[in-house]
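S.K.: Quick one: the structure is below, and I'll ask about it shortly.
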Amino acid sequence: MFRLLTVLSACALVPGALADDRERFFVGKQKDGRIVVPTNQVLRPAGTQVAFPGRPVDLALAEDGRVLVIKNMRDLLFLDVAAAKIVQKLPLPRGGLSVVGLLARGDRVFVSDSLNAVHVARRQADGKYAWDRPLPVLAPKAGAAHPAGMAFRGKDELWVATTRGNSVQRLSLRTGKVEQTVPVGVAPFAVVFPGADKGYVSNWGGDPPREGEPKSTTSGTPIRVDPRTRIANRGSVSVLARDGGAWKQTKTIRVGLRPSGLALSPDRRWLYVANAGSDTVSVLDTRRDEVVETISCRPEARLPFGSGCNALAVSTDGKTLFVANGTNNCLAVVRLGQRGADGKFLRGEGPARVLGLVPTGWYPGAVLLSIDGKKLFVANVKGHGSLSQPRPAEKGKSSHDHLGTVSILDVPDARALARYTREVNENNRLAYSLAGLEKARPGVKAVPVPARHGEPSVFKHVIYVIKENRTYDQVFGDLKEGNGDPKLCIFGQKVTPNAHALARQFTLFDNFYCSGVLSADGHSWANAAYVTDYLERAFGGFTRSYPYDGGDALAFPATGFLWDNALAHKKTFRNYGEFVASASYAPKGTTWRDFYDDYKNKTRKVKVKTRVTFDSLAPHTHPTYPHFPLLAPDVYRAQLFLDEFRQFEKKGALPNLIYLALPCDHTNGLRPGFPTPRAMVADNDLALGQIVEAVSRSRFWKETCIFVVEDDPQDGFDHVDAHRTVALVISPYTRRKFVDSTCYNQTGMVKTMELLLGLPPMNQLDLSATAMRRCFQDAPDLTPYRCLPNQIDLDEMNKPLKALKGRALHWAKKSLELNLDEADAADEDTLNRILWFSARGDAPYPEKKNPNRR
């Protein structure tokens, strides 16, 4: 299909847009049509883009290839291929659509939901589709089955992978019933049949752990993990075969991590497995059931992990593989070496190689060829980001304004592929990334932010404060020094005097973004500077887990977290609250007032017991520092930290890296028995001020830098972009009374901390990130910070129901209906309306109800 090109090496050092150019961007659509996303990447996808609200995860062709069916978050979309136009939207009656799993046959379309069914849409006489009777799958003893990939076998069988059942189920299309359940590996993803008597299943979590192997859990299932990071570290493919009248798993084949998409060669001899956790494709010989080749799909061999190969398609002649590199926002075009009947390469052939890259939208998660093999269809899970704008622009943007896209393009020839490859590498800052891999230079003078990873910094200690769920405009919209919208500000200076003073006295960042949209992905971005395909595909229903507290070993990248990086490089670490389980940590009947009294009286009458979700964190975690529920105020949490901080001062030794969770700005809405939303945010603000004051008056101040960020921006609105959030950098070397409008995000904050601590990058995204340099100065200003008193009483309590009426009573009742004991378990739209009412009363709410909210 293609003449052989050495495209990648030719493009590796093309700088494209200089780092300084994109540092002036704002996230969102640019005047020239490019889209900037909050991961230091630019989108300029090839071909025609069809945009729609949602997050698409799978594609199928129907009606002889004339219609492209799109599996979206809450609906099926039907796209007329010739017109490149969506002609029908078919909403799911209830629940959502996630992961993968979409097939079309005849006049029917089959789609797996996020719970316990395969839904069937049938074409009607008028050409439109309508829902038919669904096909139920069998659920495990606890929770939903979570069906995923599917495959037909013959005319009457539909096979369905159930990720929570750790099995594939054989359904009869005649009876609509499950005829057999076949146990396979952990969290099966996709299933294919090369012939009538054999099948293959990709297992996201590999084989179950054997006796004595390190293990943790994923959605209630034991899973094999790395003994150091406690993150899942195996992937496998199950081989299915008939045994008499039944089927069973006859063998498992070890492949890369997070094996997801499967594709067969046209002759069914070769099975290709996309390994999203390893950036590779495994090539299996279906005669021998062995891996015969592993193809690396990174844009450049020197790059670390971070391409996210998760889906693939094979050309009609079997010579080319198209691989969806989710994190690189592109397709990798792979020239496959041709083999003979013996499995060996033919004369003049050799191992597969990446010929080039094709730019797509944000996070391609499905790729499909037209029937004639001349066009490519790509489902971009995150599309254009949070740009669907379901309200007037002046009402602001929300992180739940998902705008998914499908790209339609011609299969590129060699010349187009060379051009596309240059564009992908420019969009992803390849030259900038490769420069970031240069070795540290000996004898370099210590500076605040070193030029290279591993060079010395003036800082010896980093304190990382992670808060919950606010946008920039919600808190700083009233700051005239920055680019704020006061109409969207509900927790302004009166509520957050310390945040405002810190932004004014040090540096105000008015162009800083969360990389994710809610806590499930937000904590992964904040801690790992990366989010896996496992999480990106889950937005149609977080059925397996909602791992904001780290409680799912399969959800995170095998490269680990910032603290793993620090510990691996002999740095000391202390954790206060991050990845502490969301569970009751106080005796039954304990109230918020009990904790507040302990804070005021400096007592410890309430006995607290917490549990860390990651075993590797346990030795480094404060044993009684709570996260969720928000029963304890943040000033109580700050007091726990400051008690230990004073001991560190006495000993003259402070850990190199400190994590501090301050979650109470999330609030408990208008729930009776708890403080008002503004009181909880004021509590969060006072706790931060107390911590900064203590550190700035300590012996460690001259060598300490404090970073503050929200984990995500989901509960609120912003006029620039839905990802924009509150961030602070506080240190003696931070520029005073300065506004830094550089385009920064969470991956850049992680990178800056790595540079300060002498750590290497963990993946391609923190490698390519813009370090937060402009906010630092060469000479220190050791002036300590003085904490400002709260202007809102911290015990300003929500009124009981009997004291309320009208809309106040309505929203208090709604608060009681919400699950506010777990992060983000409450409906975001409802909570946002509660917060708006609590601050603005009857002022018009900025948003009409968003159908894509979680």
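The values are calculated or read from the model by the stated rules, or taken from the named source; none is laboratory data. None of these values were measured; they are calculated from a predicted model. Note that each Cβ is placed from the backbone with ideal geometry, even for glycine, and that neighbours are counted across all protein chains shown. With ligands, DNA and RNA removed, areas are computed over all heavy atoms of the protein, side chains included. Shrake-Rupley method; radii C 1.70, N 1.55, O 1.52, S 1.80 Å.
S.K.: Checking residue 778 against (1) of a type in the set (Asp, Glu); (2) in contact with a helix residue (DSSP H, G or I) (Cβ under 7 Å, 6 or more places away or on another chain); (3) farther than 30 Å from residue 427 by Cα, which test does it fail?
M.R.: (2)
S.K.: Give segment 152-187 a look and list any residue that's open to solvent by less than 20 Å² (accessible area, probe 1.4 Å), more than 23 Å from residue 107 (Cβ to Cβ), touching a residue at least 24 places away in the same chain (Cβ under 8 Å) and of a type in the set (Gly, Ala, Ser), or say none.
M.R.: Those that are open to solvent by less than 20 Å² (accessible area, probe 1.4 Å), more than 23 Å from residue 107 (Cβ to Cβ), touching a residue at least 24 places away in the same chain (Cβ under 8 Å) and of a type in the set (Gly, Ala, Ser): 161, 185, 187.
Let's see how each residue does on (1) open to solvent by less than 10 Å² (accessible area, probe 1.4 Å); (2) of a type in the set (Phe, Trp, Tyr); (3) in a loop (DSSP other than H, G, I, E, B); (4) modelled with pLDDT of 95 or more:
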{"position": "678", "(1), (2), (3), (4)": "no, no, no, yes"}
{"position": "687", "(1), (2), (3), (4)": "yes, no, no, yes"}
{"position": "695", "(1), (2), (3), (4)": "yes, no, no, yes"}
{"position": "706", "(1), (2), (3), (4)": "yes, no, no, yes"}
{"position": "712", "(1), (2), (3), (4)": "yes, no, yes, no"}
{"position": "721", "(1), (2), (3), (4)": "yes, no, yes, no"}
{"position": "729", "(1), (2), (3), (4)": "yes, no, no, yes"}
{"position": "732", "(1), (2), (3), (4)": "yes, no, yes, yes"}
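S.K.: Go through segment 188-245 and report how many residues are open to solvent by 10 Å² or more (accessible area, probe 1.4 Å) and assigned to a loop (DSSP other than H, G, I, E, B).
M.R.: Number satisfying all stated conditions: 20.
S.K.: Mind listing whichever residues of segment 360-385 are in a loop (DSSP other than H, G, I, E, B) and in contact with a Leu (Cβ under 7 Å, 6 or more places away or on another chain)?
M.R.: 360, 361, 371, 384, 385
S.K.: Taking the conditions exactly as written (out of contact with any Leu (no Cβ under 6 Å at 6 or more places or on another chain) and in a strand (DSSP E or B)), does residue 151 satisfy them or not?
M.R.: yes
S.K.: Specify the residue that is surrounded by the fewest Cβ atoms within 10 Å (Cβ to Cβ); the eligible residues are those in segment 303-335 that are in a loop (DSSP other than H, G, I, E, B) and charged (D, E, K, R).
M.R.: Here the residue is 317.
S.K.: Please name all residue pairs, on different chains or six or more residues apart, with Cβ atoms under 7 Å, provided the first residue is in segment 38-50 and is open to solvent by 30 Å² or more (accessible area, probe 1.4 Å) and the second residue is among the charged types (D, E, K, R) and modelled with pLDDT under 95.
M.R.: Once the first residue is open to solvent by 30 Å² or more (accessible area, probe 1.4 Å) and sits in segment 38-50, its partners that are among the charged types (D, E, K, R) and modelled with pLDDT under 95 give 44/34.
S.K.: Next question. Give segment 470-481 a look and list any residue that's open to solvent by less than 20 Å² (accessible area, probe 1.4 Å) and of a type outside the set (Ser, Thr, Tyr), or say none.
M.R.: 470, 473, 474, 475, 476, 477, 479
S.K.: Restricting to segment 155-212, count the residues that are closer than 16 Å to residue 249 by Cβ and acidic (Asp, Glu).
M.R.: 2
S.K.: Looking at segment 136-148, I want the residues that are on the phi < 0 side of the Ramachandran plot and surrounded by 24 or more Cβ atoms within 10 Å (Cβ to Cβ) and have a partner that is assigned to a loop (DSSP other than H, G, I, E, B) and among the hydroxyl-bearing types (Ser, Thr, Tyr) with Cβ atoms under 9 Å, at least 6 apart or on another chain. Which pairs are those?
M.R.: Once the first residue is on the phi < 0 side of the Ramachandran plot and surrounded by 24 or more Cβ atoms within 10 Å (Cβ to Cβ) and sits in segment 136-148, its partners that are assigned to a loop (DSSP other than H, G, I, E, B) and among the hydroxyl-bearing types (Ser, Thr, Tyr) give 145/163; 145/543; 147/114; 147/163; 148/98; 148/163.
S.K.: Another one. Yes or no: residue 566 over 9 Å from the mean Cα position of the chain (by Cα), more than 28 Å from residue 635 (Cβ to Cβ) and touching a residue at least 24 places away in the same chain (Cβ under 8 Å)?
M.R.: no
S.K.: Residues of segment 578-627 being under 22 Å from residue 232 (Cβ atoms), in contact (Cβ under 8 Å) with a residue 60 or more places away in the chain and assigned to a loop (DSSP other than H, G, I, E, B), which ones?
M.R.: 578, 582, 613, 614
S.K.: Let me ask you something else. Given the structure, is residue 668 at pLDDT below 95, touching a strand residue (DSSP E or B) at 6+ places or on another chain (Cβ under 8 Å), polar (S, T, N, Q) and not in a helix (DSSP H, G or I)?
M.R.: yes
S.K.: Does residue 415 qualify as being outside any loop (DSSP other than H, G, I, E, B), free of Cβ contacts under 8 Å to residues at least 60 places away in the same chain and open to solvent by 20 Å² or more (accessible area, probe 1.4 Å)?
M.R.: The answer is yes for residue 415.
S.K.: Could you identify the single residue in 647, 639 that is polar (S, T, N, Q) and surrounded by 15 or more Cβ atoms within 10 Å (Cβ to Cβ)?
M.R.: It is 639.
S.K.: Mind checking which residues of segment 365-381 are closer than 30 Å to residue 515 by Cα and open to solvent by 20 Å² or more (accessible area, probe 1.4 Å)?
M.R.: 368
S.K.: Out of the residues in segment 336-359 that are in contact (Cβ under 8 Å) with a residue 12 or more places away in the chain, of a type in the set (Gly, Ala, Ser) and in a loop (DSSP other than H, G, I, E, B), state the one that is farthest from residue 417 (Cα to Cα).
M.R.: 343
S.K.: Go through segment 154-187 residue by residue and tally those that are over 20 Å from residue 552 (Cβ atoms) and in a strand (DSSP E or B).
M.R.: 15
S.K.: Now for a separate question. Within segment 756-795, count every residue that is open to solvent by less than 50 Å² (accessible area, probe 1.4 Å) and farther than 13 Å from residue 730 by Cα.
M.R.: 20
S.K.: Across segment 566-580, which residue is nearest to residue 758 (Cα to Cα) among those that are open to solvent by less than 10 Å² (accessible area, probe 1.4 Å) and not charged (D, E, K, R)?
M.R.: So the residue we want is 566.
S.K.: For the list (1) over 27 Å from the mean Cα position of the chain (by Cα); (2) over 18 Å from residue 406 (Cβ atoms); (3) among the β-branched types (Val, Ile, Thr), I need the number of the one condition that residue 81 fails.
M.R.: Here residue 81 clears every test but (2).
S.K.: Can you report the number of residues in segment 499-557 which are in a loop (DSSP other than H, G, I, E, B) and more than 30 Å from residue 776 (Cα to Cα)?
M.R.: The number of residues fulfilling the criteria is 22.
S.K.: Additional query: Taking the residues in segment 115-135 that are open to solvent by less than 80 Å² (accessible area, probe 1.4 Å) and free of Cβ contacts under 8 Å to residues at least 40 places away in the same chain as candidates, determine which candidate is farthest from the chain's Cα centre (by Cα).
M.R.: 127
S.K.: Find all pairs meeting these conditions: Cβ atoms under 6 angstrom apart; at least six residues apart or on different chains; first residue within segment 265-288 and small (Gly, Ala, Ser); second residue open to solvent by 20 Å² or more (accessible area, probe 1.4 Å) and outside any strand (DSSP E or B).
M.R.: 277/257; 277/558; 278/257
S.K.: State whether the residues of segment 738-752 include one that is surrounded by 22 or more Cβ atoms within 10 Å (Cβ to Cβ) and more than 27 Å from the chain's Cα centre (by Cα).
M.R.: Taking every residue of segment 738-752 in turn, none turns out to be surrounded by 22 or more Cβ atoms within 10 Å (Cβ to Cβ) and more than 27 Å from the chain's Cα centre (by Cα).
S.K.: If you don't mind, another one. When you go through 258, 347, 339 one by one, which is the residue that is modelled with pLDDT under 95, surrounded by 16 or more Cβ atoms within 10 Å (Cβ to Cβ) and either out of contact with any strand residue (DSSP E or B) (no Cβ under 9 Å at 6 or more places or on another chain) or not small (Gly, Ala, Ser) (or both)?
M.R.: Of 258, 347, 339, the one residue that is modelled with pLDDT under 95, surrounded by 16 or more Cβ atoms within 10 Å (Cβ to Cβ) and either out of contact with any strand residue (DSSP E or B) (no Cβ under 9 Å at 6 or more places or on another chain) or not small (Gly, Ala, Ser) (or both) is 339.
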